[in-house]
1. So, of the residues in segment 111-154 that are out of contact with any strand residue (DSSP E or B) (no Cβ under 7 Å at 6 or more places or on another chain) and of a type in the set (Lys, Arg), which turns out to be surrounded by the most Cβ atoms within 10 Å (Cβ to Cβ)?
2. Any chance you could count how many residues in segment 266-302 are of a type outside the set (Asp, Glu) and in a helix (DSSP H, G or I)?
3. State which residue pairs qualify: first residue modelled with pLDDT under 95 and inside segment 102-116, second residue part of a loop (DSSP other than H, G, I, E, B) and of a type in the set (Asp, Glu) in any location, beta carbons under 7 Å apart, and separation of 6 or more residues or different chains.
4. Going residue by residue through segment 117-136, is there one that turns out to be hydroxyl-bearing (Ser, Thr, Tyr) and at pLDDT below 95?
5. Output the qualifying pairs, or none if there are none: Cβ atoms under 7 angstrom, residues six or more apart or on different chains, first residue in segment 171-183 and under 15 Å from Glu151 (Cα atoms), second residue assigned to a loop (DSSP other than H, G, I, E, B).
6. Within segment 171-184, is there a residue that is open to solvent by less than 40 Å² (accessible area, probe 1.4 Å) and assigned to a loop (DSSP other than H, G, I, E, B)?
7. Consider segment 345-377. How many of its residues are open to solvent by 70 Å² or more (accessible area, probe 1.4 Å), within 33 Å of the chain's Cα centre (by Cα) and within 17 Å of Gln252 (Cα to Cα)?
8. Return the total of residues in segment 19-50 being touching a residue at least 40 places away in the same chain (Cβ under 8 Å), farther than 25 Å from Glu168 by Cα and open to solvent by 30 Å² or more (accessible area, probe 1.4 Å).
Amino acid sequence: MADRVTVIGWDGSPLTAVATAALSAATLVAGAAHHLALPEVPANAERIRLGSIDLAARRIAGHRGSAVVLADGDPGFFGVVRNLRAPEHGLEVEVVPAVSAVATAFARAGMPWEDALTVVAHPRTLRRAVNVCRAHHKVAVLTSPGAGPAELALLLEGVHRTFVICEELGTAREQVTVLTSDKAADHVWRDPNVVIVIGGGPEQQAAGSWIAGRAPQGVRGWALPSGAYQDSAAGPGAEPGEGESPGLRAAQLARLGPRTGDLVWDIGSGGGALAVEAARFGAAVLAVDSDPDACARTAAAARAFGVQLQVVQGRAPHVLERLPEPDVVRIGGGGVPVVTAVADRRPERIVTHASTRDEAEALGAALTGNGYAVECALLQSVELDTSAWSERERSVVFLLSALRSDLAR
């Protein structure tokens, strides 16, 4: 095993005395081509071009002498340190950090960033990174080949955002470009780059800054009374949408489990209560309804609660054909045709409800026949008037929750 392993971050600035001393003693140096070309790299040291981190780690583990790994930015932030410390390699490392690419990008943009989320976009994670950009007002995206600014923009179709694209930070070819997301796909961008995605809501205020990333929302709790959304959206007297009783909504959300990186379809969004609450969990949400008044109420509720979601007016199942792939779906109505159309898109989870047992059986059969494991529960809620402890309202509904069969255990 190497006698000593030092990981040095590089941000284009002159190396520190500690970094220079570690390099001068190195008998093996690993890094990208521009790292290995640094004049501080000893001429007689063994050199490894970093491609596969695991392969380099095995080479380092078998080396006798002092090894140095050079990496861009802060190597402890989505960098090589985690890979090198993996149990299978058994390496203990010393780290000489540098300014991270994310910090540098925000500095170039002249923006604060404690309220930003940071995501890594690879071809396999690109869709989830885009969902975070849909749901959050400020996101830093660490891109990779095949998952860069153009691909981000194409998947954000229909969602307006501003891109700050920082190419080759810290090098002589550094360039910062600001443009709207609909223009980003028209250009070719140089790697590596960082994309700051901005839009869809106000920045966090200085007085409210106490936690980095996604700050908790001001409203406490979830499955709020329907009146909280009705009053915010259209004033007292607004009619709730189908299936918007707090008890049913709580059960639906519990079974969907929306989370950051997910895309939720809320079909038949009504007054927007479930759509807004899913967005409050950090998910990206598409709220679909054929009624323009319902769409307006959903958009108003989202503004009132300070969340980002996209409202789509149209009738299911036809409108679903042009929507991006969902992770979880709540179906508020439309029967078997809508359930079948949603199942064809293969989301992980689907929840819907029925008012009669016959309807529940038909929906359950459609889900089972399309490759889902289905559970059904009869939910009954009774609202009491606590001044007289008499029954005020009773609700009975069949709740169906479906998990894609390949994920069921």
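The values are calculated or read from the model by the stated rules, or taken from the named source; none is laboratory data. In this text, all values refer to a predicted model and were calculated from it rather than measured experimentally. FYI the Cβ positions are ideal-geometry reconstructions off the backbone, even for glycines, and counts take in every protein chain you see. Please note that ligands, DNA and RNA were not included when accessible areas were found on the heavy atoms of the full protein model with its side chains. Shrake-Rupley method; radii C 1.70, N 1.55, O 1.52, S 1.80 Å.
1. Arg128
2. Residues flagged as of a type outside the set (Asp, Glu) and in a helix (DSSP H, G or I) within segment 266-302 amount to 17.
3. Hits for this filter: Asp115/Glu203.
4. yes
5. Once the first residue is under 15 Å from Glu151 (Cα atoms) and sits in segment 171-183, its partners that are assigned to a loop (DSSP other than H, G, I, E, B) give Thr180/His160; Ser181/Leu156; Ser181/His160; Ser181/Arg161.
6. The answer is no, given that none of the residues of segment 171-184 is open to solvent by less than 40 Å² (accessible area, probe 1.4 Å) and assigned to a loop (DSSP other than H, G, I, E, B).
7. Residues meeting the conditions: 3.
8. Matching residues across segment 19-50 total 2.
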